[in-house]
Each structure stands twice: as structure tokens, then as C-alpha cells.
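Right, one structure below, let's go through it.
The values are calculated or read from the model by the stated rules, or taken from the named source; none is laboratory data. The model shown is predicted, which means the values in this text are computed figures rather than measured ones. Every residue, glycine as well, gets a Cβ built from its backbone with ideal geometry; the counts of neighbours run over all protein chains shown. We work out accessible area using only protein heavy atoms, side chains counted, and drop any ligands, DNA or RNA first. Shrake-Rupley method; radii C 1.70, N 1.55, O 1.52, S 1.80 Å.
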Amino acid sequence: VGKNEIMGLTPPFSERQQQFLSIMPKFTAFPSMVASFYIVQHVLRSKNRRSRPYHRILLAMSSMDFIYSIKSFLSTWIIPREVPGWGNIGTERSCTAWGFLGQGSAFSSAMYNGTLTVYFLLTISYGWKLDRVKKREIWLHAIPLTLGWGTAIAVLPMDLYNAIGWTCWIGGSPAKTVNILRWAFFHAELWATFCFMAVALFLMHRSIKAKELASSKYSFRSSNSTSSSFRSSQGSAQTTQQRASRRSMNQTVSWSKRFAIQSWLYILAFFFAWIFPMVQWVISQSGGLLYYPILAITVVINPLQGFFNAVIYIRPRFMEYYRTKQREKLQKESQEGQPLILWQAITHACNVQDEPEDEQDEQPECGTRVSGDSDDVFDDEEHAGVQKTENA
């Protein structure tokens, strides 16, 4: 065994390494297939969800993830049996077909992650309303699909879908042409998406902080105004309006934060799924070699993209279920004679503040579900400033 093979720097890999590269994607791709299919059917079954840009973007993105998961599951099975390697039972046609489907689906999915970030950025940082998003939604689909499947079609006449490592993609010779195509048809756009997402994270974080600061300043001014005028009837009417405005502003900040958390999770999942293939590509440019440890991590993590997205997608529903169970538990404890625990729950859940007596009368009772009080911000008509009409 040569030094390079011991370090895992170059094919041919050992038989055990080849077996790992062939078998492991089947265990990680299958959960993504199921998870991506769940998102697709969940969106399609609801007319309400089908009408929203957020869900339509996820529908398309998950459809691409589903195709890519199937390709990852097949792994070395699609590689022609004439190519030396463990588990290669395919043909040139199967390699070309799945290389084409892999390029189109993977590229489109990556770009859909970018357009999903655009959607979050427009709604959170720039306050776009639902109607305005819908008018321009076509571009959020046209760009990913055109880039993904357009590049996949462009490679077909070149006959460059060949076996690479554990699957089929753009490969073969001449090496210079292959490297140019990989960069122009995938890696350049992926690096650009990474950079854009980093900027979007910063802008969304800054927007949330600005809204929180504005809300706190407004609450402080409103509290000072209330303390000096709430005793008079005119002051009482004024403070009622102030309280409504303050609560509306606080709710907007709350929705924006929940919306932003979801966007950050999608971005982190995308980054985690694709950072190792990108690192592998950078390393390979130095000598044209495959680094086995990075390749092994890639076949474990990269096929899980659809699974990560599904976990994030159902997270708000899980959080709401957990909160409901906690409320039921607190109510049960109160009935069993535990007033201290109940009072702690009241002060925490209802966020009681020191307010004049006439304001406290309008506070909702503990355990009462306030309209819009749900972590599933994407199943409500209004969230994070994405509304059909402007706020009054």
C-alpha cells in the first residue's frame, strides 16, 4: 500500500473504503426521501398552503431534494460495471441519466435554498406584504429551475456524465474542461449562495434588533404617558389606543423573531449539507485527488439535506404541541393544589408587567389562546410583517 493510499489522498481506495462509500448513502438518503415526500404531500393536501409563496417554494425545493435523495440512495449502483469499484452494477446509460438528474435536482435545490433566503429577507428586513411577494414569485421559481435544469441539459451533448467517487456527475476528460464546467455549472453559484446567505443573516439580525429597539422605546414612552394621564376619561381612551398599538408592535417583533429563527435554521442546514463537498472540491483543485475522509463525511451528511429541511419544517408544530402539553400540565397541577407552581407559570407565560390597574383588566387570562399565538408562523395568514393588507 502506497503512502498516498494510507493517507486516503487518492483512488483506488481500499475495498473497505469502497464499501463504505457505496453502502452509507443508502442509510442517510432514505430518511431524506421520506422527509422530502412528507413536505411535498403536506403542501399539496392543503389548498391554503398551496396558495402561499413560502409553501410553494418548499414544495419545489423538496421535490428537487426527493430526486437527489433517490440518486444518492442508488450511489454506486448507477456506475457502469466496467468501471473498477465495489458495488458498480450500472451501465453508461444509467450513469448518464442519473448524472443528469443529479445535476438538475442538486443545483435547483441549492438555488431554491437561496430563493427561500430571499423570501425571508424581503419579508423580515424589508417588510414585503404577501400580495407583493406573490406578484414577483415567478422569479423565485424561474431562476432555480432554469439554472439547474438548463445546465444539466447543456452537459448532455458533451457526454461528460461519468463515474466520480461514489456516484455519477460531471467527470471524465479533458480534465480542464471538466473543472471549468464544474465551477461554472455548480460550484461558483454555490459559493455565491453561501456568501449571499451570510449577508442575509446579518441583515435579518440587524432588522430584528432594530424592531426590538423601536418596540422598547415606544413601550417606555407609552408607559410614561400612561402614568400621567390614565386617571382621566380622555387619558383612559388614549391609553387604550396606546396599549393596542404597543401590543401590536410587540406581536410583530415576536412573529419576526420566530420567522427569522426558521430562516436561520434553513440556512444552517443548507450550509452543513454542502460545506463538505465544497471543501472536497477546493482540495481536489490542488492536485486533482479525492481526499477519502472528506468524501466519507460527504456521503453521510450531504444526502441528509431533505431530512434537515423536514425537521425544520415540522419544528413549529412540535413546539406548539410541547407548549400545549405544558399548559395542560400546569392546569392539572393547579387543580391538585399547587398554587405556587401555578403562579410561577402565570408570571412566565403571560409575561405580567407592572401596569396601571385599568391596563391589567384587559390582560388575557392565563391559558387563554391569543389569536396568532402559535409557533407555526407559516400556517397563519399574517406573520412577521407578511400580511395581505397594511397594518392599520
Subject >> For Trp169, net neighbour charge (Lys/Arg +1, Asp/Glu -1) across residues whose Cβ lies under 11 Å away >> reply: +2
Original post:
Which values, in whole Å and largest first, are the semi-axes of the equivalent ellipsoid of the stretch 1-139 obtained as the square root of 5 times each eigenvalue of the Cα gyration tensor?
Top reply: 39, 17, 13
**OP:** Provide Cys195, Cys168 ordered by accessible surface of protein heavy atoms (probe 1.4 Å), highest first.
**Re:** Cys195, Cys168
**OP:** Compute, for Arg258, the solvent-accessible surface of its heavy atoms (probe 1.4 Å) with the complete set of protein chains present, and express it in square angstrom to the nearest 10.
**Re:** 50
Original post:
Given Ile164, Ile89, Gly104, which one lies farthest toward the positive end of the charge dipole of the stretch 45-180, if we put +1 on the Cβ of every Lys and Arg and -1 on the Cβ of every Asp and Glu?
Top reply: Gly104
**OP:** Please work out how much accessible surface Lys325 shows to a 1.4 Å probe, ignoring ligands, DNA and RNA, in Å² rounded to 10.
**Re:** 90
Original post:
Counting only residues 5 or more places away or on other chains, whose amide H sits under 5 Å from the amide H of Ile79 once H atoms are built in the peptide plane?
Top reply: Ile89, Gly90
**OP:** Evaluate the stretch 133-189: find the radius of gyration of its Cα atoms, find its Kirkwood radius, and give the ratio Rg to Rh.
**Re:** 1.11
Subject >> Area of His55 that stays accessible when all protein chains are in place (1.4 Å probe, Å², to 10) >> reply: 0
**OP:** Please arrange Glu320, Glu212 by accessible surface area, largest first, computed with a 1.4 Å probe and ligands excluded.
**Re:** Glu212, Glu320
Original post:
Top to bottom by accessible area (1.4 Å), largest first, where do Arg93, Arg182 land?
Top reply: Arg93, Arg182
